[in-house]
Structures are given as structure tokens and as C-alpha cells.
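**Q** Supplied in C-alpha cells, the structure appears directly below.
The values are calculated or read from the model by the stated rules, or taken from the named source; none is laboratory data. Please read these numbers as outputs of a predicted model, since none were measured by experiment. All Cβ positions, glycine included, derive from the backbone under ideal geometry; neighbour counts span all protein chains shown.
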There are 2 protein chains.
Amino acid sequence: MSSYADRLAALREQLKSEHLDGFVVPLTDEHMSEYVGSYAQRLAWLTGFQGSAGSAVVLPQEAAIFVDGRYTLQVRQQVSADEWSYQSVPETSVAEWLKDHAPEGGRIGYDPWLHTREWVKRAKEALASRGAELVPVERNLIDKIWADRPEMSKARLAVQPDEYAGKSSAEKRTDIADWLGKQHADATVISALDSIAWTFNVRGEDVHRTPVALAYAIVNSDGTADLFVASEKIGPDVRQHLGNGVRLHERYEFENALSQLGGKTIAVDPERAVSAIFDALDKAGAKAVALRDPTILPKAIKNEVEIAGQRASQVRDGAAIARFLHWIDEEAPSGEVDELTASDKLESFRREAPELRDLSFDSISGSGPNGAIVHYKSSEKTNRKLQRGELYLIDSGGQYVDGTTDITRTVAIGEPTDEMRDRFTRVLKGHIAVASAVFPKGTRGTQLDSFARRPLWEAGLDYAHGTGHGVGSYLAVHEGPQRISPATSAQAGGDEPLQAGMLISNEPGYYKSGEYGIRIENLVLVVEKRIEGAEKEMLGFETVTFAPIERRLVVKDMLSAAELDWLNDYHRQVLEKIGPKLSGADREWLEQACAPI
Amino acid sequence: MSSYADRLAALREQLKSEHLDGFVVPLTDEHMSEYVGSYAQRLAWLTGFQGSAGSAVVLPQEAAIFVDGRYTLQVRQQVSADEWSYQSVPETSVAEWLKDHAPEGGRIGYDPWLHTREWVKRAKEALASRGAELVPVERNLIDKIWADRPEMSKARLAVQPDEYAGKSSAEKRTDIADWLGKQHADATVISALDSIAWTFNVRGEDVHRTPVALAYAIVNSDGTADLFVASEKIGPDVRQHLGNGVRLHERYEFENALSQLGGKTIAVDPERAVSAIFDALDKAGAKAVALRDPTILPKAIKNEVEIAGQRASQVRDGAAIARFLHWIDEEAPSGEVDELTASDKLESFRREAPELRDLSFDSISGSGPNGAIVHYKSSEKTNRKLQRGELYLIDSGGQYVDGTTDITRTVAIGEPTDEMRDRFTRVLKGHIAVASAVFPKGTRGTQLDSFARRPLWEAGLDYAHGTGHGVGSYLAVHEGPQRISPATSAQAGGDEPLQAGMLISNEPGYYKSGEYGIRIENLVLVVEKRIEGAEKEMLGFETVTFAPIERRLVVKDMLSAAELDWLNDYHRQVLEKIGPKLSGADREWLEQACAPI
């Protein structure tokens, strides 16, 4: 295996042979995915960086890697300072940096299948101010030098039956066709992988922990569709399920299909479709209209069947969590349980459910100071034993065939300090403030975010992540467009009104660097709230995650009467829903863990 | 006096003679002011509409008036449906409406001194889709037909001495020059009237209730400035105060001065400068760089002297309010006090202070159902007596030479209903939640807005206005850029981080249409908060308005212990600050009004 220095040198050789003065390497795929298949892990291959977001620019004499605040430390551990300079976003950006560093009059290459049109526009403008040029490449330069690059996954697609999807693919396509009619458009390109999985009621195994398949789709105004996916991935069951309304093509035929759309009006999502799609439509003489992917909102608003599936998967998941927490309670005080053993144990409990297809993300299993690393991933190198007097944080989830879960619990091993209990109680107060919020229709998640922070703010504390993200239905564990976050931009989901049926996480936290981390995460469903005498149509949340919240970390005197009622009522529900799934010592443990305070 | 129908007909004649197919009439002036001088009240003259925001479009066969939700009822009362169609913004806009209604291929006139460049761009695009054209006019068409149009105010400017301004104009101009250096710009055009008043430490009388003077300014990178203001308005005191660093020109010379800037780089605020300014710079061959007016932030962040002045003016103002509330308490139950008498009485109390220069806006004096009209202005026609069993809302403020005030109190006349007390207490809880908030540096007002609404939301209620607006220092009572509002857009101030020294109102409310209105408004100053063990630099609010909050409307049991403490502590401070200013029966009344609950 070549060294990272060798890889960088090889890329620079490649630049030379293609008469380029630089190349941009983002961490995404042709679908603007958050998580990508191994074939698309170009940034990690080139630099060694293992984080989930970042990009790099390589010039003949300089190379820079761009990461956000979550990865400031990690990038320094994983990427050599000899070859790379570290850049922080949003303080700078690839475009801003190129403005100062690109060789004057130089040609900087980019892969148009890995960037949005907006990114290309901005980078072009930035380079223009240097007299330099942004140049699309025919084939990604990394792919040319990455000898043992993994192939794209050949995993077969699976049918997501209507009994879980709640709406047939034909009905969904009819809705899209109706929308196209209103937009006076002939077709829409759907390139986001979870949108495709949702539209066609299929699932895949091509992206780690996310049940999607590598594909593109064009849905037409007559309700038919063209689906571009490797034919070897389609079995007879899926073929039959898709039916006559869906024409199947090889994935590599997609670009050519775009070139056939001349004269037509095509709706394309500028945030989710890559620049190359717009380029191909422009070249074909099609009229690309920038509109949000029409599946985004119906996908986010769960139907009754999806909600029932979510509830069923939560009971299963809560039972696994409860058994795990009992196990931790018994075993961890010995000092012999480590982070990896613990997360393996939790996975084994989850895997007992036949409905489980996968985890919904790599578990974050952090003991003591490792719990303070928000996106921690335990490895043989960092693995630590759970120890008395410390906190243990476990953020995990399951991909069940009927629902995706995501839950974080923080527990005390042995006796916690007063400070830990104070901080935990503040996080809990914030969690309850969100869980019990009622708000008028039209309210955006941004307007609720501070409810979660206020108890921490009162002590001069805060946490550096959002309070909640949308969650899919046996799909992506991070799903837009709604969010609960201080971010106000439309792109960050800050502008999206919450609507009944949306599923979202409620996960305030507190992290004391080098000491401990706390997070309490449940999923909540947006529901209509009837209030006597109300003048507005009101919404609120129904918590759908059920597992005990660590009572030993709660300072009762810090809770208001209403907050204490919430906690006791929540534990009553946990016992009611999860109790019947447990027996023997597990059941006894749960009863104690859920006892009123 | 001609009828509104005659005026509309005259405008249509004028259209014909200028070969136009329409004309746009906004409610603003050449400075994009919120409140405008009588000479610029073109919309009111044409249509009869007396609201503070709106616009109109006149076509040969159609005429439309555009207002927002605040004025939906009022526009129907004041503007004839025979001639005008009523349009609601933001559901539609002048540009959107023109897209459907402009004659195909038509020429729609606009006055480039009354619109932003962005507005012109959008309207042009909208009209282009109709094959129609947006045409700048040399002189506003209304001005040509408005025979008795008032002249511009000739009021003389007054010096705002450094003892109130806290910073000399020369120092402010040096700061602007430093900023220009950083922006690589040669000069900046300042056209917002309050920015000019602040920069030059002068005040005027040209806009109702706002102490500004009609002028333009160009501040240069050497710290000198060119000030364009009618010479008859400048006395020797102001001339001496301005000194050699400020070259005086007639206001009408401004456009010509812009035409001399060819080859220079000029910073211009795209939200505050009108299109004509950009047009003139473009024509001259100057490079206009769109940057926010550099005085906006330093004007919003009050210096120590301005803060001291604000405190002094608040004590005076609170004493006047207390005497007024005592008077209401004595006189209103007789049923003989009406809204106009009441606001006159309050004004007379305020005018006893020699430092008072004007009111800061027309008082909103609303009894019973009139209190539910958020922007109510009592008139002979709507005037009502204050009656037992009703609420009375008074929103008012003073322009003192050392500070601008803005306060709302709601009081019960006779015995209030349980519902009124419940609603008042919810509004109070929201007010306290904002007043007592602590938050990390970088927090925007948008993140605090929901604190004020939560107690109302819990009962299915809300209010349809923002929670707080910035306030000037003996300047505009509505001053940006900070706000406390659900709006997230940068333009609406939603994106502006709060900073220590900013002055802002805290005014949640509740309005029951046809019955009563409640609002509790104090001004608060953003201050640094030291918290034991804090990990973040924290900010909070210090309430600077002092006047009793109606104890008879408070339901004690609905307040938490912390809320009750806040209220009692606030009243203790009111008594401490205002008490010494009162004597006899007024003082006795205040003691009772401030007694602990």
C-alpha cells in the first residue's frame, strides 16, 4: 500500500500530464450524499482523513485540507502537516482559499459530478479574480491513480413492500406527475439516493449504514419513470415490483439519457443534483428549472403506516437498549467492559430482532473523556474501559425494515460527581423543554432550538451542535429538510416549517473536553395539539423513543414540578411499552430504572 | 381640495402625456426612510391610505394598493374600492402583480429615487416576462400633479453636543475612514437620515417624531466629508460645529457630486441607498461596492455617554408615566376619560421635562377593542372613553436630548375578567423570559424570540408582531440592525448577533380582536453577564425602563418563584429610581403600585 506522500506525488504527476495547476477533492459522491460508498472515499484515500465532511485542494507546490470545527483536532492526528495545510470552514472555503493561492492564470480541475452548480459558479468567480480558470475533467484524477479503488457495490436491491412504505410507488409517481403539471415541467431528475429509494419503494446496501442503492431516476409528467441502475443489481422480484411504469436502464446510460431531453423543461434540485446534470441538460438544449426535489417534503412527513412502523421499531429498539443498560449496570462497575465490547453487546441485543437490517450509523460509544468527542468513533487505538466515577455515552440506532431509530443515553458508572449531575439535569431540562413544546403551525425548528439551550446558558454553558435532525423511514438517519438548530439558512433547514408527521431528533448535550460528555436523545414526532380555547392551530411533539433516562444523574431539586411530571410520566410509558418485552432480571431492573422520582 | 378619484384621473392623464402605461407609488423617500416628511406622503395623497407602509400601482384601467397584514382592515376603510383593488404582501408584491397585470409590451414608470436597486432588478425581470419595460422617470409624476404639495421642511439643524453623543463627529469620520481603508474604497455614500445625523452629531426636525434632517453625505477615506443639505437650514452654530473637515453643499447638488466620482471605488449600502445613487455612480464610471452603511453597527452599540443619557431620560420618562398611570387610576373609572384626552395628559406630563424635544412616535392610546389594533392611532372618529371592566393600552415614548424612550403599559379600568388576567400574566411571563435571558456571544435576536411566546403558545395563543426592535439615541425609535423576531432573514435583522451596548425593546403582547389588547414593553440594554464557572462569554439584558406593571392583572399562582422574584425586584427598582422624582399622592400611589406581590 502506497504512503499518503506517494499518493499526493502521484496526483501531482497526474496534474502535470493533464496540464492542470490544481485539483479539488471533495468528500461526496455523484448524488451529493452525506455518507458515501467506499469507491467514493477519495478524500480519505488521498489524505488519510476519516471524518465525515471535508475537502482538499492540491496545487503543484501546496496542498490544503478543509474541515469544520468538529474535525479540527482529528484532521491534525490523521493528516500529515508535512504535506498538508489545515483550513477551517466556514472561516474560509475552497473558493476563498483558491482566490489567494491559485497560480495566476492557472487551470484548476474539478469533477463536475461531485459539485453543485452553485459551488462551480462561486469557485469560477473566485478564480476569475486571479485570472485563473476552473476546468471540468472528463474523469476524476484520483480514480486514475487509485490502483486498488474498490468497485461500486453490486448488492441487489430489495423491495420495500407497501405494508411498510404505506404508499405505492405508482401513487408516489402520480403525485410527482401532478406536481410537474403545476410546474409546467415535463420531467424531474431525481439524484438523491434516499429520494430514489423512497420514490420506487426499494432499498439497497450500497452506502454504509444507509439502505440505498446507487441509481439515478427521471420521473415524467405521465407518471412513468426511467430508473438508471446496474442491471446485475436487479432481481426478478424488484423487476416485477417496479412494473411497466418504470423503464430500467444501466446507470452509465444516465448522462446519455439527459442528452435526449432537448426542448423539454426539466425540474432539477440545485442543492441535490450535481453540476454535471445541469451541464448535460444545457448542452442538450433542455430547460433546467431549479426546484426542490418534490419527494423531500412527502418523504419527511411520515404517513400513518410509516408512523406505525416507527412505533413498532422503537419498542423493539427500546427493549434492546434497556437490556443493554441493565448489562452495563451489572458489568461496567468491575472496570472490565470497554467501549468496543459495549457497543458490540448492544448490537447483539439489537440483532435479536428479525426486523433489524443494519445499524443506522456506527455507534458512538464513549467512556469518560471520549464521551466529550461529539463524533467519536471508538477504535482499537482509542478504546477505553468504562470506569467507576465516569460517565458513559452511547449514541446508536437501528435500521429496521419498518423504521430507523437513533437514541443516545448517558449513564453513570459508579458514583457521579455533583457537577456531572448538575450538567446532566440541565441537559435533561432542555430535552424536556423541547419535548413538551407547543407551537403554532408555521413555526420552524430554529425557533425552538433555544428552548433546549436555556438551562445550560443559565450556567454559562452550551453545546456546539444542533438540537435535532430529521430521520428517515428505514432510510437515512439524517434526513432533511426540517431541523432544530440555531442555523437560520434555508439550506441548513432553518427555514423549514415543522409539519405534523415529521420525525426529528431531540438531542441536547454538554461536553467537558478531556472529562466527560452528556447527551440525551429521543426521536419525536410532530403532532397536532388540541388546546382548549386555542386561537391558532397548534403543533407539538410526541416522544416515540422509549428507554430509561439515568435517574442517578438527575438532581430532583433542579426540576420544576412540570419537568418532574414529564420525567415520571415518560418512565411510566417506557415501562408500559418496553416492560412486556423483557423478563426476569431485565424486567426487574427496568422497573427500578423507571420508578418515579 | 380634489377628490381621490380626481387625483387618480389626473395621474392617468399624466401617464398618457408621458407615454407611460403605469406608475409605481411607494411610501418612502429618497433615503428609504420608514417615516417620511409630508412632502413625500405621495401614497397618502393619491389614495387616502394613512398607514405607515404600503405602495400602489396605477395602470390606465386598473389601480392596486399593496399593504401588509397590519393594514388589511385599515386600507378598506381609507381607500375606495371603486377605484382600487386591495393586494396583500407578502402573498403578492408589486413585481408579482405587474407580471400578471401590466399591459403586454407596456412601459411602467418608476421614480429611481424611491426604490432600491434590488427592487428595480426584480421588477424589471418580472416585467420582462410580460415583454413589458420598467422605465425611470425624470421627475416623479405625483409631484407634477400635486398642486399644493408641501415644501420640504426648512427647519434648522441643531448641534448634538459631544456631552450627549459621547464621540465627536471627527472621531466617527476617522473610524469610517479606517473602515474605507480596509475595504479598499475611496469614499462611502451615506443616505440614511439617521446615519447622517449620527455621523455629524446633528439633529433635525424634517421627519415627524424623528429628529433627522434631509441631507446626503459622502465620507471620504481621508476622514473629510461632503454634506449636502439646504444652506438655509444651517446656522452659524452648526457650521462651526461641523468645522473644516466637512464641506457643505446644497442638497440638490448631490446627484452632480456623484457624477464627479468617476474612477473611484465607492461603498454604497444596497438596502439603504436608492437605485438612482447606483445609477449615477455607474454613469460616472465609479465602482460602486455594495457594503452595509458603516455607521449601522456603531450607531446601534451605544457608548458609555449614550447609555448614561438613556438612563437619565428613562428616569424622567418613568416619572411621567407613573404620574399618568396614577391619574388614569383616579380619573378613568368615572368613564369620562377618553383616548385622546389620556394621551394628551401623558404628553403634558412628559413635556414638563426641559430635556424633552418631541414624542418619539404618535402615542397608541387604545381603550377596550381599540387596544387590540396593534398600530392603532386614535382620532376624533375612533376616540372612545376608557370604561370599567375594560383594559387600556398606551404605547408611547419621548425624544429627550439625551435618549429616546418607548414604553407600553396595559392597565385595568375597574375589575378585569379572569381571562384578561390570565392573558396578561402569560404576556408578563414572556416579557420576564426575555428580560432574564442569558445567552452566549454570537446569539441573534431570532434565537430569543420564542422565549417571549412560549407562555402564550401553551394556551394556543400568539401575537402577530416581533418581540423587539432596536432604538436610537435621540434618534429613530425603530433602529436596526438588531431585532428580536421570528424572522430569520438578514434583511429583517434576524441574522444580527446581539452585542453589549445594543438597546432593544422587549414587548410581547396579546390581542383579542374586538375586545382588548395587552402589551408590556420595556427597553433593555444588552450587557455582559459574569456567571461563576461559565465556559462561554455570556450576554444578557438589563432593563432600563422603569414604570409599574399593573399588579391587578397579575395571577400570582401562574408565576414561578423566579418570575415572582423578577417582578418584585423590578418594582423595587422602579420605586428606587422613580420614587425620588414624585411627591405627595403620586409618590403614595407609586409605593402601592410597586408593593411586593
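**Q** In contact (Cβ under 8 Å) with a residue 40 or more places away in the chain and of a type in the set (Ser, Thr, Tyr): which single residue out of A:SER379, A:SER348, A:SER363, A:SER367 fits that description?
**A** So the residue among A:SER379, A:SER348, A:SER363, A:SER367 that is in contact (Cβ under 8 Å) with a residue 40 or more places away in the chain and of a type in the set (Ser, Thr, Tyr) is A:SER367.
**Q** Looking at A:ARG453, A:ARG444, A:ARG423, can you tell me which residue is within 24 Å of A:GLY69 (Cα to Cα), in contact with a Ser or Thr (Cβ under 8 Å, 6 or more places away or on another chain) and among the charged types (D, E, K, R)?
**A** None of the others qualify; the one that does is A:ARG453.
**Q** For segment A:433-447, give me each residue that is facing chain B (nearest Cβ under 7 Å) and either surrounded by fewer than 24 Cβ atoms within 10 Å (Cβ to Cβ) or hydroxyl-bearing (Ser, Thr, Tyr) (or both).
**A** A:VAL438, A:PRO440, A:THR446
**Q** Let me ask you something else. Could you please find all residues in segment A:338-369 being in contact with a Gly (Cβ under 7 Å, 6 or more places away or on another chain) and more than 14 Å from A:LEU386 (Cβ to Cβ)?
**A** Within segment A:338-369, A:ARG350, A:LEU356, A:LEU359, A:SER360, A:PHE361 meet the criteria.
**Q** Give me the pairs: first residue in segment B:322-338 and assigned to a strand (DSSP E or B), second residue not basic (Lys, Arg), beta-carbon distance under 6 Å, and six or more apart or on different chains, which are they?
**A** Taking only residues 6 or more apart or on different chains, the pairs are B:ASP338/B:ASN383.
**Q** Could you check A:LYS172 against (1) crowded, with 20+ Cβ neighbours inside 10 Å; (2) under 22 Å from A:TYR252 (Cα atoms); (3) not acidic (Asp, Glu) and say which number it fails?
**A** (2)
**Q** Hey, could you check segment B:421-430 for residues that are more than 11 Å from chain A (Cβ to nearest Cβ) and out of contact with any strand residue (DSSP E or B) (no Cβ under 6 Å at 6 or more places or on another chain) and say which is surrounded by the most Cβ atoms within 10 Å (Cβ to Cβ)?
**A** B:GLY430
**Q** Same structure, new question: Out of all the residues in segment A:74-91, which are closer than 18 Å to A:PRO60 by Cβ, in contact (Cβ under 8 Å) with a residue 24 or more places away in the chain and in contact with a strand residue (DSSP E or B) (Cβ under 9 Å, 6 or more places away or on another chain)?
**A** A:GLU83, A:TRP84
**Q** Do we have A:THR404 as within 12 Å of chain B (Cβ to nearest Cβ) and buried (at least 24 other Cβ atoms within 10 Å of the Cβ) here?
**A** no
**Q** Another question, then. Taking the criterion of being modelled with pLDDT of 95 or more, under 19 Å from the mean Cα position of the chain (by Cα) and hydrophobic (A, V, I, L, M, F, W, C), would at least one residue in segment A:437-453 satisfy it?
**A** no
**Q** Based on this model, can you work out whether A:ARG587 counts as surrounded by 15 or more Cβ atoms within 10 Å (Cβ to Cβ), basic (Lys, Arg) and under 30 Å from A:GLY403 (Cα atoms)?
**A** yes
**Q** Still on this structure, please answer the following. Can you tell me which residue within segment A:49-78, out of those that are under 17 Å from A:ILE142 (Cα atoms) and β-branched (Val, Ile, Thr), is farthest from the chain's Cα centre (by Cα)?
**A** A:VAL58
**Q** Among the residues of segment B:450-467, which ones are touching a strand residue (DSSP E or B) at 6+ places or on another chain (Cβ under 9 Å), of a type outside the set (Phe, Trp, Tyr) and more than 7 Å from chain A (Cβ to nearest Cβ)?
**A** B:ALA452, B:ARG453, B:ARG454, B:LEU456, B:ALA464, B:HIS465, B:GLY466, B:THR467 - these are the residues of segment B:450-467 that are touching a strand residue (DSSP E or B) at 6+ places or on another chain (Cβ under 9 Å), of a type outside the set (Phe, Trp, Tyr) and more than 7 Å from chain A (Cβ to nearest Cβ).
**Q** If you take the residues in segment B:282-307 that are without any contact (Cβ under 8 Å) to a residue 60 or more places away in the chain and in a helix (DSSP H, G or I), which one is farthest from B:ASP162 (Cα to Cα)?
**A** Per the stated criteria, the residue is B:LYS283.
**Q** Here's something else I'd like to know. Out of A:GLY109, A:GLY131, A:GLY181, A:GLY105, which single residue is modelled with pLDDT of 95 or more, over 30 Å from A:ALA308 (Cβ atoms) and surrounded by fewer than 17 Cβ atoms within 10 Å (Cβ to Cβ)?
**A** Answer to the check: A:GLY181.
**Q** Having 1 or more residues that are surrounded by fewer than 16 Cβ atoms within 10 Å (Cβ to Cβ) is the bar; report the strands (runs of 3 or more DSSP E) wholly within segment B:1-93 that clear it.
**A** Counting at least 1 such residues, we get B:85-88.
**Q** When both residues are 6+ apart or on different chains and their Cβ atoms are under 7 Å apart, which pairs have a first residue that lies in segment A:237-260 and is on the phi < 0 side of the Ramachandran plot, and a second that is among the aromatic types (Phe, Trp, Tyr) and part of a helix (DSSP H, G or I)?
**A** From residues that are on the phi < 0 side of the Ramachandran plot, the pairs are A:LEU242/A:PHE200; A:VAL246/A:PHE200.
**Q** Contact list please: Cβ distance under 6 Å, first residue in segment A:548-560 and within 14 Å of chain B (Cβ to nearest Cβ), second residue part of a helix (DSSP H, G or I), pairs at least six apart or on different chains.
**A** Filtered contacts from segment A:548-560: A:MET558/A:THR425.
**Q** Still on this structure, I have one more. Give me a count of the residues in segment A:468-486 that are away from chain B (no Cβ under 11 Å), touching a helix residue (DSSP H, G or I) at 6+ places or on another chain (Cβ under 8 Å) and not aromatic (Phe, Trp, Tyr).
**A** The total comes to 12.
**Q** In segment A:273-308, which residue that is closer than 17 Å to A:ALA476 by Cα and basic (Lys, Arg) is surrounded by the fewest Cβ atoms within 10 Å (Cβ to Cβ)?
**A** Result: A:LYS302.
**Q** Moving to a separate point now. Which residue, of A:ASP586, A:ASP557, is within 30 Å of B:LEU456 (Cα to Cα), at pLDDT 95 or above and out of contact with any strand residue (DSSP E or B) (no Cβ under 8 Å at 6 or more places or on another chain)?
**A** Being within 30 Å of B:LEU456 (Cα to Cα), at pLDDT 95 or above and out of contact with any strand residue (DSSP E or B) (no Cβ under 8 Å at 6 or more places or on another chain) holds for just one of A:ASP586, A:ASP557, which is A:ASP557.
**Q** When you look at A:ALA412, is it within 14 Å of chain B (Cβ to nearest Cβ) and surrounded by 22 or more Cβ atoms within 10 Å (Cβ to Cβ), yes or no?
**A** no
**Q** So which residues in segment B:169-195 are among the acidic types (Asp, Glu) and closer than 21 Å to B:GLY480 by Cβ?
**A** B:ASP175, B:ASP194
**Q** Show me the strands (runs of 3 or more DSSP E) found entirely inside segment B:345-452 where at least 2 residues are over 22 Å from B:ILE328 (Cβ atoms).
**A** Ranges flagged: B:356-359, B:398-400, B:438-440.
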